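Chemist: Sharing a structure with you now.
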Amino acid sequence: MNVSPDDVKIWTVVQVEEYLKLKGFGESITNILRGNEIDGESLLLLNDVDVASMGFKIGPVAKFRSFLVTLKYFPSTSTQHLWAEALVKSFPCLGTKVTDVEGKVTMNHDIYFHPKAIGFMRTNYKKCVEAKE
């Protein structure tokens, strides 16, 4: 389930906890967040100092910090596909040619979101975000 920051912003404390459990975070994270009344808006506002001061163990906190970057800065999947489509239209050499059953050739941008490749745009977007921090 991909969510955008706009979706997250309106979550309750319980919805934050449920989503984190869905993403594989255990009670060591969810109990502390619930105890600190972290709702969706608060979750998006957390910074590294906030997270470090909550008393998480190092392993879970590293994963949680990475998750927060993804949650805060990555646009929704539909927005990513719009960007990829625009990129391929501007630079056709970056797309992959696909022939439909009628023989019509079109440019495909799905390669940017291939799960094993993580996605060309997502990878570069993450690099930009990390460089900004």
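Chemist: First obtain the Kirkwood hydrodynamic radius of the range 5-73 from its Cα pairs, then insert it into the Stokes-Einstein equation at 10 °C and 1.306 mPa s, and state the resulting D in µm² per second as a whole number.
Modeler: 135 µm²/s
Chemist: Next question. Could you tell me the center-to-center distance, by alpha carbons, between the range 53-68 and the range 1-50 in angstrom?
Modeler: A separation of 12 Å, based on Cα centres.
Chemist: Another question about this same structure. If I take R0 = 30 Å and measure r between the Cβ atoms of Asp48 and Lys97 in this structure, what FRET efficiency does the formula 1/(1 + (r/R0)^6) give, to the nearest 0.05?
Modeler: 0.10
Chemist: With a sphere of radius 14 Å drawn around the Cβ of Gly26, what net charge do the other residues whose Cβ falls strictly inside it have (Lys, Arg +1; Asp, Glu -1)?
Modeler: +2
Chemist: Something else now. Spelling out what I want: for every residue of the range 54-69, take phi, set θ = phi - 60°, compute 6.51 cos²θ - 1.76 cosθ + 1.60 (Karplus), and round to whole Hz; glycine and proline get x.
Modeler: 7, x, 6, 6, 4, x, x, 5, 5, 5, 5, 5, 5, 4, 4, 4
All of the numbers you see were taken from the coordinates with simple rules; none came from a lab. Remember, predicted model here, so these are calculated numbers, not experimental data. Neighbour counts are summed over all protein chains in view; Cβ atoms, including those assigned to glycine, are modelled from backbone coordinates with ideal geometry.
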